[in-house]
2 protein chains.
Amino acid sequence: MRALHFDGTAVRFRTDLPTPAPAPGEALIRVRAAGICQTDLEIAKGYMGFTGILGHEFVGIVEKIAPASDAGVPTGASALNAARWLGKRVTGEINCVCGKCDLCARGLSSHCTARTVLGIQNRDGAFADCLCLPLRNLHEIPDHLSDDEAAFVEPLAAAFQILRQVPIEKRTRAVVLGDGRLGQLVAQVLATTGCALTLVGHHESKLALAEKLCAGATAARQTSAQFRAVFERDLRAARDHDVVVDCTGHAEGFLRALSLVRPRGTIVLKTTAAAAAPLNLAPVVIDEITIVGSRCGPFDQAIRALAAREVQVAPLISRSVPLAQSAPLFAPGAAPGALKILLRIQDRT
Amino acid sequence: MRALHFDGTAVRFRTDLPTPAPAPGEALIRVRAAGICQTDLEIAKGYMGFTGILGHEFVGIVEKIAPASDAGVPTGASALNAARWLGKRVTGEINCVCGKCDLCARGLSSHCTARTVLGIQNRDGAFADCLCLPLRNLHEIPDHLSDDEAAFVEPLAAAFQILRQVPIEKRTRAVVLGDGRLGQLVAQVLATTGCALTLVGHHESKLALAEKLCAGATAARQTSAQFRAVFERDLRAARDHDVVVDCTGHAEGFLRALSLVRPRGTIVLKTTAAAAAPLNLAPVVIDEITIVGSRCGPFDQAIRALAAREVQVAPLISRSVPLAQSAPLFAPGAAPGALKILLRIQDRT
């Protein structure tokens, strides 16, 4: 099959890779579209030690099922009804877990120490004709959502994770740092709460887009709009925000967040900055700041928000590129200023 | 009056300082005993930019009251009953706040941006014959507690703050890093919850002491003892602890905490390490760790715990030194291995 493969040095388009065989309890999925995420670009720089097929944001069709064996492979409700998945349009959660370890037993299965992660850790990813995922990871996509929209479920779920970790309500003063693809999604998700929201960025067009989309998000929930988009350079440095979400992708984002959060406020770290930064944690203690690391989130909530049109993702698509032409996108600085780039993998006829 | 004064370069015993005059709403307190804290030693290294009289852990007698004026000085219940404080044995909260700013209005007065802090920020401290504090900061000490015990109320309150910030219960797996004076107090406070507690340190005698005191703390609350004291070098590095409290006082403590906390667990930062350390926050995001800065705490809870003999502090006193002889204690490395050093300020006859 065809795939974008990272060998530890470069990302290459290959046509000589075998179609994978689903393990017991897994589905073979024919991918239709996939999204490029900052994590993919970081992996392509070699930072995470992954080699294989990249990609973890996708939508595709279930083509084949490998029934769970009787020999101890965990069988959830999904697996028991395996056959019903055939032909369905799905996306899937990216953490493939053992179901048996201490963390799985404690309800922390997305942190299972034995986990593989689609396109990130010991499991080939979605920038390919086909991928395999456990049936219990799958989520069906409602018919009225496009493939393009469905490819956003994974990052949108990651944005919704913030609402599960930190109380954000109408009276909350929140800041999102970064007007890139993740900052845009996080801003819309926070806007659905009706909180007083400030998005801080560097790009006029992206800030204007966020303004429009967040107004839509608040309108969809019939909350009053309290959104403002601010250029980084124009931001008054006042430590009076309850919650600051760092979506900058830079280690400096944390320091910026510290300069904006109020005492006993919360900083949410959403992006993994590759570089280590010198950091004095004394202000965190003195001002009793809470820092919350935030990663994967609830797919069901993301799908519901897309289906209800509370969140708009199509305007965030900068380009849609055929798989065969996409390898150059992973060179450093290849797509400056782009928001979401989607890979077209199967023709949608 | 006599006092230990830091001029930005050295800590000196002086006898030529004027007795302070309490501002409206404040009390003049004749200090009987005071405790040396890591923060005092850090200030004496010049890290915090404070000059003046050091010290913020104390017990003393209210000698004089300056009634609150009618001209807008905030008057709490304490101030209205000002006269009742005269002659009382008290300790006091260290943050002196404006009562009017946004943070005070939001119930975050201990973080008031206009605050002065006893012996730490724009307010002379407790290593002196007398100090001044607002009446509303004062807490009366029960008669059956000694001066030595009462001098521990402030750091013990800081230890209790952890229980207000992080849920810790019987099934919680907690680690306290550091067997020094703060680590000892935090361990006893956590032990009162009956949680599964590990104290990690470098000193045989301190670990043995903690073992004895924590057994007492769990016994006082009739919870079953689940305490172990472990040498740092003997600690199995397993990321399976729900809560890790860093009381090491070193920037490296945070990295050690990261190596012990489970995914979605909590690290409590209790000490302000002076040096900035290179720090990669990516693991915080990937494992969704929560980091909580923790500073001052509830004096009433600390006094209750001392009065009920749930927490033992007298065994933590390494030495008791007359004020006039105490300046050399602030030289770097002056008291290696000491737990709490108290300053005897007035003779207790």
**Selection within segment A:304-349 - within 23 Å of A:LEU118 (Cα to Cα) and touching a Ser or Thr at 6+ places or on another chain (Cβ under 8 Å)** = A:LEU339, A:LYS340, A:ILE341, A:LEU342, A:LEU343, A:ARG344
**Message:** Scan segment B:217-238 and tell me whether some residue there is within 14 Å of another protein chain (Cβ to nearest Cβ), touching a Ser or Thr at 6+ places or on another chain (Cβ under 8 Å) and modelled with pLDDT of 90 or more.
**Reply:** no
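Find the residue count for segment A:172-191, including only residues that are part of a loop (DSSP other than H, G, I, E, B) and either surrounded by 24 or more Cβ atoms within 10 Å (Cβ to Cβ) or hydrophobic (A, V, I, L, M, F, W, C) (or both). Even if it seems obvious, please write down each step before you answer.
To start, the set of residues in segment A:172-191 that are part of a loop (DSSP other than H, G, I, E, B) comprises A:172, A:178-180.
Of the ones still in play, those that are also either surrounded by 24 or more Cβ atoms within 10 Å (Cβ to Cβ) or hydrophobic (A, V, I, L, M, F, W, C) (or both) are A:178-179.
Final tally of qualifying residues: 2.
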**Prompt:** Do any helices (runs of 4 or more DSSP H) entirely within segment B:241-322 hold 3 or more residues that are crowded, with 21+ Cβ neighbours inside 10 Å, and if so, which?
**Reply:** B:252-258, B:299-307
**Request:** Select from segment B:11-33 the residues that are touching a His at 6+ places or on another chain (Cβ under 8 Å) and under 13 Å from B:GLY119 (Cβ atoms) and list them in ascending order.
**Result:** B:VAL11
**Message:** Just checking, does segment A:119-129 include any residue being out of contact with any helix residue (DSSP H, G or I) (no Cβ under 8 Å at 6 or more places or on another chain), among the small types (Gly, Ala, Ser) and modelled with pLDDT under 95?
**Reply:** no
**Prompt:** Out of B:THR290, B:THR272, which single residue is among the polar types (S, T, N, Q) and touching a residue at least 40 places away in the same chain (Cβ under 8 Å)?
**Reply:** B:THR272
**Message:** I need the full set of residues from segment A:282-338 which are under 20 Å from A:HIS56 (Cβ atoms) and within 14 Å of another protein chain (Cβ to nearest Cβ), in order please.
**Reply:** A:GLY293, A:SER294, A:ARG295, A:CYS296, A:GLY297, A:PRO298
**Message:** Need a quick list: strands (runs of 3 or more DSSP E) entirely within segment A:2-58 having at least 2 residues that are among the β-branched types (Val, Ile, Thr).
**Reply:** A:26-35
**Among the candidates A:ALA157, A:ALA128, residue that is within 14 Å of chain B (Cβ to nearest Cβ), surrounded by 24 or more Cβ atoms within 10 Å (Cβ to Cβ), of a type outside the set (Asp, Glu) and on the phi < 0 side of the Ramachandran plot** = A:ALA157
**Message:** Of the conditions (1) under 30 Å from B:GLY46 (Cα atoms); (2) outside any loop (DSSP other than H, G, I, E, B), B:LEU209 satisfies every one except a single condition; which number is it?
**Reply:** (1)
**Fill in**
Of the listed residues (B:ALA229, B:ALA217), the one being in a helix (DSSP H, G or I) and of a type in the set (Gly, Ala, Ser) is B:ALA217
**Fill in**
All-but-one check, B:GLN325 against (1) touching a Leu at 6+ places or on another chain (Cβ under 8 Å); (2) surrounded by fewer than 23 Cβ atoms within 10 Å (Cβ to Cβ); (3) not basic (Lys, Arg), failing number (1)
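If you go through segment B:61-117 one residue at a time, how many are acidic (Asp, Glu), part of a loop (DSSP other than H, G, I, E, B) and at pLDDT below 95? First the steps, then the outcome.
So in segment B:61-117, the residues acidic (Asp, Glu) come out as B:63, B:70, B:93, B:102.
Filter again for part of a loop (DSSP other than H, G, I, E, B), leaving B:70, B:93.
Filter once more, keeping what is at pLDDT below 95: B:70.
Of the residues in segment B:61-117, 1 are acidic (Asp, Glu), part of a loop (DSSP other than H, G, I, E, B) and at pLDDT below 95.
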**Complete:** Over segment A:206-249, the set of residues of a type in the set (Asp, Glu) and more than 19 Å from A:GLU310 (Cβ to Cβ) is A:GLU232, A:ASP234, A:ASP240, A:ASP242, A:ASP246
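Report yes if A:ILE267 is touching a Lys or Arg at 6+ places or on another chain (Cβ under 8 Å) and either within 14 Å of chain B (Cβ to nearest Cβ) or modelled with pLDDT under 90 (or both), otherwise no.
Numbers: touching a Lys or Arg at 6+ places or on another chain (Cβ under 8 Å): no; either within 14 Å of chain B (Cβ to nearest Cβ) or modelled with pLDDT under 90 (or both): yes.
Here the answer is no, as A:ILE267 does not meet what is asked.
Could you pull out the residue among A:ARG115, A:ARG106, A:ARG136, A:ARG123 that is touching a residue at least 12 places away in the same chain (Cβ under 8 Å), within 14 Å of chain B (Cβ to nearest Cβ) and not hydroxyl-bearing (Ser, Thr, Tyr)? Full working, then the answer.
Working: A:ARG106 fails: touching a residue at least 12 places away in the same chain (Cβ under 8 Å); A:ARG136 fails: within 14 Å of chain B (Cβ to nearest Cβ); A:ARG123 fails: within 14 Å of chain B (Cβ to nearest Cβ).
That would be A:ARG115, the only listed residue that is touching a residue at least 12 places away in the same chain (Cβ under 8 Å), within 14 Å of chain B (Cβ to nearest Cβ) and not hydroxyl-bearing (Ser, Thr, Tyr).
The values are calculated or read from the model by the stated rules, or taken from the named source; none is laboratory data. None of these values were measured; they are calculated from a predicted model. Here the Cβ is made from the backbone with ideal geometry for all residues, glycine too, and neighbour counts use every protein chain on show.
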